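Presented below is the structure to which this report refers.
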Amino acid sequence: MSSFKRNRKANTVQAAVIRNKDIPVSLTSWGSLQWLVSGQTVSGTTMTLGRVTFKPGESNSSHSHPNCEEILYVAQGTIEHSLPQGGTVCLKQGDCIVMPQGSFHNAKNIGTDETIVIVAFNSPDRKTDTDAE
């Protein structure tokens, strides 16, 4: 586990370095999840940051995060992302979406290649609820 280091003289926090090779990747039927930064990987952090992949044509299940907002940034590929008010939006490389706390959503890779997204949450202990419908 990485941790922030406090420089008492300057009263500042030094950076925690996370190496991709040190963080496990969880494989799913639709792609993969890799939680780079969270309360479990960086002691003292107040956020969660992850790398998510989607196989072509695949989607994750509808879910919400009852304790935090989510920001999703498309690093590679194209996804269709559901909206809390209904409908969907197409997001391409460089686009992002901010999902309000507690709103159900999911993403689907609508391209022909793997899609990579970066997700950030304003909690070190992101919670997930799945859609019961």
The chain - share of DSSP beta bridges that are antiparallel (%, nearest 5): 95
Based on the Cβ-Cβ distance of Asp113 and Leu33, what FRET efficiency does E = 1/(1 + (r/R0)^6) give at R0 = 22 Å, to the nearest 0.05? 0.75
For Asp131 and Thr88, extending 7 Å from Cα along the Cα-Cβ vector and measuring point to point gives, in nm, a value of 1.1
State whether segment 24-125 is rounded, prolate or oblate according to the following rule on the C-alpha gyration tensor (a ≥ b ≥ c being the square roots of its eigenvalues): a/c under 1.5 gives rounded; otherwise a/b larger than b/c gives prolate, and the remaining case gives oblate. oblate
What ranking, highest mean first, results for peptides 116-123, 80-87 when packing means the other Cβ atoms within 10 Å averaged over each residue? 116-123, 80-87
Here FRET efficiency (C-beta to C-beta, His63 to Asp22, R₀ 30 Å, nearest 0.05) is 0.65
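Every number in this text was worked out from the coordinates using simple rules, so none of it is lab data. This one's a predicted model, so the numbers in the text were calculated from it and none came from an experiment. Reconstructed Cβ throughout: ideal geometry from the backbone, glycine too, with neighbour counts over all protein chains shown.
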